[in-house]
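Below is one structure, written out as structure tokens, with a few remarks after it.
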Amino acid sequence: MSEPGSGAGAAGDDRSIAALERRARAAVSAERIAADLAALVRVPSVTGDETAAADLVAALLRAGGPAVEVERRDVDARAFAADPAHPGSEMPRSTLPLVRGTVRAARPGRRLILSGHTDVVPVGDVATWTTPAFEPVVADGRMRGRGACDMKGGDVAAIEALRAVASLAGPDGTLPAPLGGEAWFVGVPSEEDGGAGTLAAIRAGWTGDAAIVTEPTRLAIVTAAAGAITFRLTVPGRAAHASTRLEGVSALEKLEVLHAALRDDEARRNAAEADPRMRRLGMPYPTIIGTVQGGDWASTVPDRVVAEGRYGVRLGQDCAGAFAELEAVVAAACAADPWLRDHPARVENVGGLFDSVVQPTDLPLARELSAAIERVEGDVPAVIAVPYGSDMRLWVREGATTCVLYGPGDVRDAHAADESVDLDEVVRCACALAAWLVRGMAGG
């Protein structure tokens, strides 16, 4: 008798596993992917209103046949906000709709998770869209619509990969003997405004040995990601009639002082980054002011301006550390200005909290996924870092689940008018994920 990993038995096992992988990849349907993605894009699941999208995801998973077990769960969002690690939110919500699909083998093994979020950002100015945002259109091999890129294309790729593994089961729903453990798809809400959905899934015990979040990465593997916090600056001034404006102090002009300090700080923080993955990004930790509100009369010097923006969280840093840096920058700028010295601006941490996450480039999960992609694509994928926050940090920090990002689409298309995704990339992603699941369930 041959021992595991040696001799004729091992060669036979390898051939059997390779055959199962080919069968799973062949089960991936480009037509089904396009239809499922169009159906999901039609659901206007703006963050805070994801229940219908979760229900559709559950239906898509059930379409995988008897080998796919499906669970829908609604978590009370208000009660869950008391969790000590709650990552904040920016939209009102009453529930966190979760959905899980499971393909389970008869023998024990690893639990492998594919995960994606069902929420999308608001449409913005409808006049900037070529066609209505929630009416999917295919042109030149791309599907256009809000969420197509971020990240319903990735959701559909992951769901199709899970169904491809389920297609290997016999009539009774049992997977072939070489496979062990479990493969899951976990669909979550609330990623766009913090990540409460993934944290709720983790608190429900939906964790595993490894997870891939199918965010848009252009089919590169992401092992490190910056984070972000949302801040609010309240800047005081002194009102006066416009004709005697020198008697007043414009809060808008004082915001300009603080904005200049934030730009200088942005330059310093980015210049100090040593990790080559982040340096390649050019500006891994951008700071922006996204909204400004103030003044109450056109001919009155504004005595109050409120600005909200985004501040990057550096690798190895959590949100608390980033906010402390931000506070120090604002305090120093106020101390250097005669008006703000006595009337300091107030800075607050509001909205979502995205810690950074950093993992080695040779992470075992990254190597396994890279090997699967190479078998499918013929090329070794890039291993990169990204400048935005994602649920990866929650899987790693709170779920003790090693995690990478890998998915179809380009983040430059995300959140934009006429957002779109290359359908061929979605298919290729599904094939690579199916290959990873099969090898992972077979033990490597």
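What follows draws every value from the coordinates through simple rules; no lab data is involved. None of the values given here were measured: they were computed from a predicted structure. Here Cβ is always computed from backbone atoms with ideal geometry, including for glycine, and neighbour counts include all displayed protein chains.
Assorted remarks:
- Inter-centroid distance (Cα atoms) of the stretch 217-255 relative to the stretch 10-69, Å: 43
- Taking a ≥ b ≥ c as the square roots of the eigenvalues of the alpha carbon gyration tensor, the stretch 232-390 is prolate, as a/c is not under 1.5 and a/b beats b/c.
- Added length on full extension, which subtracts the Cα-Cα distance from 0.36 nm per residue, Thr234 to Asp55: 60.3 nm
- DSSP beta bridges in the chain [antiparallel fraction, %, rounded to 5]: 70
- Simple point charges give the picture: +1 on the Cβ of Lys and Arg, -1 on the Cβ of Asp and Glu, and for the stretch 229-354 a dipole about the Cα centre of about 300 debye.
- Relative to the longest principal axis of the Cα atoms of the chain, the long axis of helix 7-26 lies at roughly 60 degrees.
- Ranked for footprinting exposure by Cβ neighbours inside 10 Å, fewest first, Thr198, Thr131, Thr217 give Thr131, Thr217, Thr198.
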